[in-house]
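Nothing in this text is a laboratory measurement; each read-out follows from the coordinates by a stated rule. Keep in mind the model is a prediction, meaning the values are calculated, not measured.
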């Protein structure tokens, strides 16, 4: 089924765009363009070495608390939300079908709130 769906989608897209399929010979001679380097979100230092802030891949306190709460509760459609006091909460659909919320706490057992 998947084998037929992808080519069918490609044909539909080509028909919508009014372009010829890629297997047809080109009607115009393509012009060469200068290669464009991808934009970097962080400017590299002058010597060309990539800059690292040292903790780029560390999870935030909210993520650590969410993973712990998710392991404990295991709700479906779980996410991090914020309450009326701007504190992080674990929210998801409990086994009884109701949406439930639990405060997320840091490793020191204090609520995680924005300042």
Once normalised by the length of region 67-115, the mean sequence separation of its alpha carbon contacts under 8 Å that are 6 or more apart gives a contact order in percent of 29
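Return the Rg/Rh value of region 67-115, two decimal places, where both radii are evaluated on C-alpha atoms and Rh is the Kirkwood radius.
Values: Rg = 10.8 Å, Rh = 11.0 Å.
For region 67-115, the value is 0.98.
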